Amino acid sequence: MQKGVPQIMDVTSIKSVLHALSKEVLPSRFETAQQPEPNIIQICLRGIKSQTWIEVSWHSDSARILKINRPEKIGSESTLSKQLRYGLKYMALVTIDQDKFERVIKFGFAKKPGDEINKYLIFELMGKHSNIFYLDKNQKIIAVGKQINSNQSSFRIVSTGSTYIAPPKNLKKEPNLNESYESWKNSISSFSESLRYCLINTYQGVSPILTKQLETFSNLSSSDIMNKNIYSINETNLKKIYQSWKIWIKRFNNNNFNFSIFDGFFYSVWFLKNETNNEKNIDQVNGLENYYDFYLKQRKIEALIKKIDGIIFKQANHEKKNLNLQSDLLINSENHQKYKEKADKIFMSHEIQKQDIIKGQKLYKKSKKLKRSQNLIKERIDIYKNKIDRLEEFSALLDNLNSFKNENPTIKINLLEEIKAEICREFNLRIKNTREQKRELSKLESSPIEINTPKGLKIQIGRNMRQNDLISFKFSKKGDLWFHAQESPGSHVILKSSSQKESDEDIQISADLAAFFSKAKMNIKVPISLVNVKDLQKITKGGPGCVSFNNAEILWGNPTRGEDYIKKNLKKIN
């Protein structure tokens, strides 16, 4: 239970979702399925009144089942989604079963309500053992999320064509509303561990998050009770935990669920509205979807940043290695005169033999070759230096994206995907994506930041190379002003002064923003180049966003002022 990591969906959360879904989708007709990621399947069901999308993930640390809003079309060509669309076409979902405190869900499909069930979807949402199974009426596996061979498990081999075997039966004690305090205490006292692990190891359906919920719900006099040994907890606090335990069981049995956020990050589905500090009532279905959508996107953002950072680091080292090699060759080529002098000495000798002539000719040849190679080596050195500078620009764009902590996650993911694709395209690096993902990446076209100055002039800020190129050349007009940190990688900033005359305040704000969106943003002041867009020239072989210019005016930008201004206007760009 670590903050920043999405809460694992336990059996209480699963039951709350299934309770809500059952009322909405039983019965309903299967419409379609898609697999946007290797461990996620999205299923569309058509009910009498509406269409419902369900997302199931068998990822080891975020296994979940949720009702979701209509997703983007992606992943329809995966093998699993094709098999589901073909096998479940025109069939009706007629049953949803979950056995008490087990995290195994069974969807039953028939030709129509009332007919015999002849297809099953089974979701096992059990941490690292999570999986999805598509079965026929004889429990034979038609398709599976992940296959398990004999080397991975001695208990259960999973492969298409084999018969489905249920997970091992849970032998822990089943929570019982009628169990007395003394019996409950005796049961958990058999383990000489913390109260948390006593509950987890004794009873079915108890997860680490449930122990935290019980502790929060009990409103105890001392903190961190769950991490204490049961014998060091006073009787009053232990009885409060027991009373909360009974309330949880009762609400679990009666399907009395309500979504709420507690402790600023974690969620509960069994705290009632008057038992939380939430000012707003959050719909359970939407609350769960929004919770996982936000935190899983945050995880994806972190993974993308780490990936891009790694690509830049690895490629920069590669380019530096090539640069050092060429630098050594340049030093060696500067010795061409020495080889010529050695050859001269040989031919100036009074006694010269055939082998001396051959040696002298080789020295002359080497001297000429080194002399000719100097210009070529210098060109290569410039190329590698430009590549290193270019990677610095990508690194600055990545830092700028990281500066916005509260930005719309979808926008941020799109920008990061674009930057990753730009680097790979520019440096001819391979992207390990499916054909469908490549098609989707080609459609990504995020928009530059657009905000207004206090006087009403528009400012555009590029956040990747494509956007820098667009605002500097395609979107700009005669009279617009271009801002960029001097000799420091960063974003292009355009003040749309072609629409009306700019003021000194407009120019200063633009300079401050150019300072903030640069690699030099940690400085107190940053020198900024101010150029009229008519004086910008595109460097054809330099890649998107590479410019040269004349007639630059130097201003001083304040990154802190730029940061304050953009944050005040951040809502306008989300």
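The values are calculated or read from the model by the stated rules, or taken from the named source; none is laboratory data. For clarity, every value in this text was computed on a predicted model and none was experimentally measured. Here the Cβ is made from the backbone with ideal geometry for all residues, glycine too, and neighbour counts use every protein chain on show.
Observations on the model:
- Checking LEU171, LEU177 one by one, the residue that is outside any helix (DSSP H, G or I) and without any contact (Cβ under 8 Å) to a residue 24 or more places away in the chain is LEU171 and no other.
- Odd one out for ASN227, checked against (1) under 40 Å from the mean Cα position of the chain (by Cα); (2) surrounded by 14 or more Cβ atoms within 10 Å (Cβ to Cβ); (3) over 29 Å from HIS19 (Cα atoms): (2)
- Of residues in the range 400-428 being charged (D, E, K, R) and crowded, with 18+ Cβ neighbours inside 10 Å, the one nearest to PHE516 (Cα to Cα): LYS412
- Residues (touching a Pro at 6+ places or on another chain (Cβ under 9 Å), touching a residue at least 60 places away in the same chain (Cβ under 8 Å) and surrounded by fewer than 12 Cβ atoms within 10 Å (Cβ to Cβ)) located in the range 522-574: ILE554
- Residues of the range 496-535 classified as farther than 22 Å from SER403 by Cα and either touching a helix residue (DSSP H, G or I) at 6+ places or on another chain (Cβ under 6 Å) or part of a helix (DSSP H, G or I) (or both), total: 7
- Qualifying positions in the range 398-427 - part of a loop (DSSP other than H, G, I, E, B) and at pLDDT 90 or above: PHE427
- When residues in the range 481-495 are screened for being surrounded by fewer than 23 Cβ atoms within 10 Å (Cβ to Cβ) and either on the phi < 0 side of the Ramachandran plot or touching a helix residue (DSSP H, G or I) at 6+ places or on another chain (Cβ under 6 Å) (or both), 3 of them pass.
- When LYS67 is tested against (1) surrounded by fewer than 21 Cβ atoms within 10 Å (Cβ to Cβ); (2) under 18 Å from the mean Cα position of the chain (by Cα); (3) closer than 27 Å to ASN253 by Cα, exactly one condition is not met: (2).
- Selection over the range 245-284 of residues that are under 22 Å from LEU177 (Cα atoms), in contact with a helix residue (DSSP H, G or I) (Cβ under 8 Å, 6 or more places away or on another chain) and at pLDDT 90 or above gives a count of 12.
- Test result for LEU121, modelled with pLDDT of 95 or more and of a type in the set (A, V, I, L, M, F, W, C): yes
- Pairs are defined by a Cβ separation below 6 Å, a sequence spacing of at least 6 or placement on different chains, a first member in the range 500-519 that is surrounded by fewer than 20 Cβ atoms within 10 Å (Cβ to Cβ), and a second member that is basic (Lys, Arg); the pairs so defined are SER503/LYS455.
- Selection status of PHE101, more than 31 Å from the chain's Cα centre (by Cα), buried (at least 17 other Cβ atoms within 10 Å of the Cβ) and not assigned by TED's automatic domain parsing to the domain that holds PHE252: yes
- Some residue of the range 6-22 being hydrophobic (A, V, I, L, M, F, W, C), at pLDDT below 95 and over 30 Å from LYS172 (Cβ atoms): no
- Here SER491 does not qualify as among the hydroxyl-bearing types (Ser, Thr, Tyr), outside the structural domain of LEU416 (by TED's automatic domain parsing) and at pLDDT below 90.
- ASN375 being assigned by TED's automatic domain parsing to the domain that holds LEU397, more than 30 Å from LYS412 (Cα to Cα), out of contact with any Pro (no Cβ under 8 Å at 6 or more places or on another chain) and modelled with pLDDT of 70 or more: yes
- If the condition is being among the aliphatic types (A, V, I, L, M), within 12 Å of the chain's Cα centre (by Cα) and surrounded by fewer than 17 Cβ atoms within 10 Å (Cβ to Cβ), then the range 289-327 contributes only ALA303.
- Screening ILE41 on (1) surrounded by fewer than 19 Cβ atoms within 10 Å (Cβ to Cβ); (2) of a type outside the set (Asp, Glu); (3) within 22 Å of LYS146 (Cα to Cα) shows it passes everything except condition (1).
- Test: residue in the range 42-54 that is closer than 13 Å to LEU93 by Cα, touching a Lys or Arg at 6+ places or on another chain (Cβ under 9 Å) and at pLDDT below 90: yes
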